[in-house]
1. Take each of the peptides 44-55, 493-504, average the number of other beta-carbon atoms within 10 Å over its residues, and list them starting from the highest.
2. For a test of the definition: using alpha carbon positions, the gyration tensor, and the 1.5 limit on a/c, classify the range 314-371 as rounded, prolate or oblate.
3. Each residue of the range 453-464 in order: what ³J(HN,Hα) in whole Hz does its phi give by Karplus 6.51 cos²θ - 1.76 cosθ + 1.60, θ = phi - 60°, with x for Gly and Pro?
4. When the dipole is taken about the Cα centre of the range 69-175, and only Lys, Arg (+1) and Asp, Glu (-1) are charged at their Cβ, what size is it in debye, to the nearest 20?
5. Name the residue from Cys248, Pro379, Gly85 whose Cα lies farthest towards the positive end of the charge dipole of the chain, charges +1 on Cβ of Lys and Arg and -1 on Cβ of Asp and Glu.
6. What length, rounded to one decimal in nm, is gained on full extension from Arg483 through to Thr441, with 0.36 nm per residue of separation minus their alpha-carbon distance?
7. Pulled fully out, how much extra length does the chain show between Arg92 and Ala404, if you take 0.36 nm times their separation in residues and subtract their Cα-Cα distance?
8. If you plug each phi of the range 92-97 into the Karplus form 6.51 cos²θ - 1.76 cosθ + 1.60 with θ = phi - 60°, what whole-Hz ³J(HN,Hα) values come out, in order, with x for Gly and Pro?
Amino acid sequence: MSDRSSPVGSEGHVVTPEKSTARAGGVLVATCLSTFVVNANTSAVSILLPAISADTGTDVTTLQWAVTGYSLVGAAVIVTSGSLGDVFGRKRVFQFGLVLFVASCILIALSSSGGAVIAGRVIQGAAGATILACGLSLLSVANKDEAQLRAVSLWGAAAAVGAAAGPLMGGALVTVAGWQGLFWVDAVIGVVCILIAARVVSESRDTTRSRAIDYAGSALIALTLAPLILVLSKGGTWGWASAASLVCIAIGVLSGFAFVAVERRVAVPMLDLALLRNRILVGSTVAILIGAGTINALMYLLSLYFQDPAALGFSTLQAGLATLPATLGLVAIAAAVPRLTARLGGRQVVGLGFLITAAGFAALGLVKESWGYGAFLLPLVAVAVGMGLSNGPASSASTACVPANQVGSASGVSNMARYVGAAVATALAATIYGAVIADRTAEGHPPPEALASALATASWVMAVLSFAGVVMAVVMGRHQAARGTVHDSAAAAAATSFTLPTTASGSAPGGATRSR
């Protein structure tokens, strides 16, 4: 992926003089508000799935595509949307993303079937990725030097707070306006952002960048992921060696090879394959993928378990409140992470974080049908603290291990990895959860026991994945650590949803690494 197509930073970005008078305060409001609502929307949907299932008659296993479909499309679009903004105008593409977001919210809110909800969420995945990518670019070019650092820090804080507040917002709105309430509120906020952007944001584009855009790469990313996630979801029903499963696997594998072939030949690739020779970048990116995947899988599993009448039987609002220790803990720990990383070293903190996360999931793997909410609290906090410790340093490492002119490309790789991890791990968790419930029920186990067994099995799988994150911390090796500034804390807090540059970014001349 081209450096200049990245939404992070302003290197290589040329803004014409007549367009350079953007009112920075208005740009900050438009971008932070839109980022908040996108991340709140993303994190809230899992909490709403039982309510959507009850209203539309679609089982929650099928509705997991409302989560995985969003992430799948986001993975394909996150880098390309930044390229589109560079070429055709960041304001124009940002506003297009907002219009698409509003339209998808209305479509979902008016839906009477699960299929329509899933379709709306797929559209929303493209909209959300576009808003994040182009919004940060607009913010970066509207501010300079210290003002840019402050603005980006506020953007990161908005992203983190939105992700943390989403489940509670969704639960609260259900009690007032049904599950559709969240999407109506989001649509209104989206319209406000459109109006603000139209009034205060000036157009900018990168006049030095090639106008070539890697559309084929985006399509092939989606074509690689979609059939593999489909077979992951349906393979148990179809039979893993059935014709349908084998065709899906073949399409996914062939599309993956085609993607590599395209990236080697296209003028401005969305993925610079040479970056994959950087051991630290590969290790940190896989760590980011695992972290994003396991936290999304956790929220999906607990949203279903907490609200199931045969388990805890919580209302949607109660479930949103019940997940608050995890979402708030994830953000709260981020403030201390940069200083801890500067003192101990990035890979040490990443490894420690994944060990704590694995322990939290292992504790959830011991769940019994007799557990009340209190028994879940400590494992939830452990998972959140571990995630908070590993997310920030892994993101920082991904941009610290490359020279300054490749920071944008490296951040694009890690942002794509987040979406891929969320899509794959959620589909895996949903498949395991549904399959174990079906098997235990067929064996004659009562519903509470079947549900607990399903949650336990899925949690053990997430524990194993989290432990693999420890291995990635070893693979990362020594690299420059961020200094621990306020900006670094904001970047660490936002790391659950987006990679922001830190004080360590671009610190490796020629790709060399230094420090811990």
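1. Result, highest mean first: 493-504, 44-55.
2. Details: a/c = 5.37, a/b = 1.69, b/c = 3.18.
Oblate.
3. Working through the residues one at a time gives 5, 5, 5, 4, 4, 5, 5, 5, 5, 5, 5, 5 Hz.
4. So the dipole magnitude of the range 69-175 works out to roughly 140 debye.
5. Gly85
6. Working: separation 42, 0.36 × 42 = 15.12 nm, distance 5.33 nm.
Gain in length upon complete extension: 9.8 nm.
7. Gain in length upon complete extension: 109.6 nm.
8. Karplus values, whole Hz, x for Gly and Pro: 4, 6, 4, 5, 4, x.
The values are calculated or read from the model by the stated rules, or taken from the named source; none is laboratory data. Everything numeric here is computed off the predicted structure, so don't read it as measured data. Positions of Cβ are backbone-derived with ideal geometry, glycine not excepted, and every protein chain shown enters the neighbour counts. Remember, those area values only see protein heavy atoms, side chains included, never the ligands or the DNA or RNA. Shrake-Rupley method; radii C 1.70, N 1.55, O 1.52, S 1.80 Å.
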